[in-house]
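Shown next, in C-alpha cells, is the structure this report addresses.
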Amino acid sequence: MIRVVILISGRGSNMASLLATVEAGDLPARIVGVLANRADAAGLASARASGVPTGVVDHRQYASRDAFDTAMAAAIDGFAPDLVVLAGFMRILGEAFVRHYQGRLINIHPSLLPAFPGLHTHRRALAEGVRVHGCTVHFVTADLDHGPIIVQAAVPVVDGDDEATLAARVLAQEHRVYPLAVRWFAESRLRLGDGRVLLDAAQDATGALIVPHAAGV
Ligand code: GRF
C-alpha cells in the first residue's frame, strides 16, 4: 500500500474519485491526507466525511512563493507520502518544491497536452475549433503543464458543445485516468526515469491512451 497525499484548491471531484476507488478496494493505496491552499475548498469537507485527515496551508499567509512552498512541503512530508497528487491545485509550485518531489508528484490537466497549457482550456479548445480534446496525467516538472506524460484520454468535440458540456465530458474521463495512473504507480509499473515516463503497461489493454468515445459520443 503506497501512501498518497492529495492537494486541492476547490471542488475536489478528482480527489473524490480517487477516494471512491480506494474505498471500493480497487487501488492498492491509502489516501493519508488531503491538503488545500484555501480553507473554503469544498473538497475538504468530503475528505473529512471519508475520514481522511485534512489540512490548510493558506498561500495568503506567506510573503513569498518560496515561503508558501516550504510550508506546504512541511505539511505534506508530515504525512510521509510515497506519491503526491495534484488534483485541481491552483498554485504554481517553485523549482525547489518540484525537485524535492521529483518522480513522485503528478498532476491532471484538462487538455491533451502539450495543447492548451494553463487556464480556460475548454474555452480555448472551442475557440480553436479542435475536434478532439481531453485530459492528461503527467509528472510535474518546473515547466508548467509540460511534464512527462503518463496517460491521456481523448474525447470528441461535438456540434453544439459549450464550455460546460465539453468540461463535463472531459471531467468524466479525468475520473477514470487519474485512478488508473495512481494504480500504475502503486503497482510499481510507472516511474520517471531520465525525464521520460517508464510505464510497464504492455499487458494492459488500455495502454496509456484512452479513447472512450471512438465509436460515437
Ligand atoms: C480539473 O478539471 C482538473 O483537471 C483541473 O482542475 C479541475 C479540478 O476539478 N486541474 P476538481 O477539483 O478535481 O473537481
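Laboratory data are not the source of any read-out in this text; all were calculated from the coordinates shown. Model, not experiment: these values are computed from the prediction. Cβ sites come from the backbone with ideal geometry, for glycine too, and all protein chains shown count toward neighbours.
Worth pointing out:
- The one condition in (1) within 13 Å of the ligand (Cβ to nearest atom); (2) crowded, with 21+ Cβ neighbours inside 10 Å; (3) outside any helix (DSSP H, G or I) that residue 84 fails to fulfil: (1)
- Considering only residues in the range 150-182 that are touching a residue at least 12 places away in the same chain (Cβ under 8 Å) and more than 14 Å from the ligand (Cβ to nearest atom), the one that is farthest from residue 111 (Cα to Cα) turns out to be 180.
- Check on residue 63, assigned to a loop (DSSP other than H, G, I, E, B) and touching a Lys or Arg at 6+ places or on another chain (Cβ under 9 Å): no
- Among the conditions (1) within 14 Å of residue 192 (Cα to Cα); (2) touching a Ser or Thr at 6+ places or on another chain (Cβ under 7 Å), the only one that residue 137 does not satisfy is (2).
- Note on the range 40-69: residues that are of a type outside the set (Gly, Ala, Ser), away from the ligand (no atom under 15 Å from the Cβ) and free of Cβ contacts under 8 Å to residues at least 12 places away in the same chain total 4.
- Residue match in the range 120-143 (condition: within 14 Å of the ligand (Cβ to nearest atom) and assigned to a loop (DSSP other than H, G, I, E, B)): yes
- All positions within the range 11-33 that are within 11 Å of the ligand (Cβ to nearest atom) and not in a helix (DSSP H, G or I): 11, 12
- So residue 112, is it part of a loop (DSSP other than H, G, I, E, B), surrounded by 18 or more Cβ atoms within 10 Å (Cβ to Cβ), of a type outside the set (Ser, Thr, Tyr) and without any contact (Cβ under 8 Å) to a residue 60 or more places away in the chain: yes
- Counted residues, the range 139-154 - those being touching a strand residue (DSSP E or B) at 6+ places or on another chain (Cβ under 7 Å), surrounded by fewer than 22 Cβ atoms within 10 Å (Cβ to Cβ) and on the phi < 0 side of the Ramachandran plot: 4
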